[in-house]
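The values are calculated or read from the model by the stated rules, or taken from the named source; none is laboratory data. Quick caveat, the model's predicted, so the values are computed rather than measured. Counting neighbours? That spans all protein chains shown, and the Cβs are built from the backbone with ideal geometry, glycine included. Accessible surface is based on the protein model in full, side chains and every heavy atom, while ligands, DNA and RNA are left aside. Shrake-Rupley method; radii C 1.70, N 1.55, O 1.52, S 1.80 Å.
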Amino acid sequence: MGDLHVKETGSASYKDLFAEISQEADILVLTGDLTDLGKPKEAELLADDLRSCSIPVVAVLGNHDYECGHVDEVKDIVKGAGVQILEGQAVEINGVGFAGVKGFAGGFGRYMLGSFGEPAIKAMVAESVEETMRLENALRQVRSERAMVVLHYAPIVETVAGEPPEIFPFLGSSRLAETIDRFPVTAVVHGHAHRGTYEGRTPGGAPVYNVASHIEKPTGKPYALLDL
Ligand SMILES: [Fe+2]
Ligand SMILES: [Fe+2]
């Protein structure tokens, strides 16, 4: 599940949902935008809700978790609640390797933003390439036969379809899919595109799921259930 966007007002609690997921699944994977504005107070509310989660939790951060400039504090609070945050590392749980990175924008296919012109554009492309290299390093660490890639940004255009086409390039980058396809990956999950599409595939055939909580899923719930 992704894009919880926990707010300081505490308007929505995830306690019951986390308890339900703990009954349904073996591992909970959170695909970023854990908080709405990246405020430590929001992270504390999430950490509190996570007390009702009795299964292992792995997560990546999202762009919203960076908004207030307190990302290290947010990370520490969420880690304190037992969540394993992946930023270019892999972790093995119950025989499944989870390789995670936030990812970045940049666009898709032949329309990806290229490193040309102003330094600001080049910096943006460099960030996208760097996140991709972090994912590559994470995938190299996976030793298990089954591997799940955890992202915030989308690696393919199919799962952002439904969003305004004008913003597609800000929702993800095909560079992520190019890296994924060089490794045996069982499934990919991401969030960020709240109005996107649940399911797609990388050009190499790896199944991709947009699990943002807003997306309609086969479960009819805010979370997806994936069998690896
Ligand atoms: Fe989001
Ligand atoms: Fe996001």
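Within the stretch 146-186, restricting attention to residues that are touching a Lys or Arg at 6+ places or on another chain (Cβ under 8 Å) and of a type in the set (Ser, Thr, Tyr), which residue is nearest to Glu92 (Cα to Cα)?
Filtering first and then ranking leaves Thr186.
Could you give every pair whose Cβ atoms fall below 6 Å, whose first residue belongs to the stretch 48-71 and is on the phi > 0 side of the Ramachandran plot and in contact (Cβ under 8 Å) with a residue 24 or more places away in the chain, and whose second residue is assigned to a helix (DSSP H, G or I) and surrounded by fewer than 17 Cβ atoms within 10 Å (Cβ to Cβ), counting only separations of at least 6 or pairs across chains?
none
Going by what's in this entry, would Val185 be described as more than 16 Å from ligand 2 (Cβ to nearest atom), crowded, with 16+ Cβ neighbours inside 10 Å, not small (Gly, Ala, Ser) and not in a helix (DSSP H, G or I)?
yes
Search the stretch 188-208 for residues being surrounded by fewer than 22 Cβ atoms within 10 Å (Cβ to Cβ) and in contact with a His (Cβ under 8 Å, 6 or more places away or on another chain), and hand back the single one that is nearest to Asn63 (Cα to Cα).
By that ranking, first place goes to His194.
Please go through the stretch 186-220 and give me each residue that is touching a residue at least 60 places away in the same chain (Cβ under 8 Å) and either of a type in the set (A, V, I, L, M, F, W, C) or over 19 Å from Gly100 (Cα atoms) (or both), ordered by number.
Val189, His194, Val211, Ala212, His214
Tell me whether the stretch 92-101 contains one or more residues that are open to solvent by 70 Å² or more (accessible area, probe 1.4 Å) and touching a residue at least 12 places away in the same chain (Cβ under 8 Å).
yes
Restricting to the stretch 12-33, count the residues that are within 16 Å of ligand 1 (Cβ to nearest atom) and assigned to a loop (DSSP other than H, G, I, E, B).
Number of matching residues: 4.
Can you pull out the strands (runs of 3 or more DSSP E) entirely within the stretch 87-162 that have at least 3 residues that are small (Gly, Ala, Ser), modelled with pLDDT under 95 and under 11 Å from Ser173 (Cβ atoms)?
none
What's the total number of residues in the stretch 1-44 that are out of contact with any helix residue (DSSP H, G or I) (no Cβ under 7 Å at 6 or more places or on another chain) and away from ligand 2 (no atom under 16 Å from the Cβ)?
Within the stretch 1-44, residues that are out of contact with any helix residue (DSSP H, G or I) (no Cβ under 7 Å at 6 or more places or on another chain) and away from ligand 2 (no atom under 16 Å from the Cβ) number 14.
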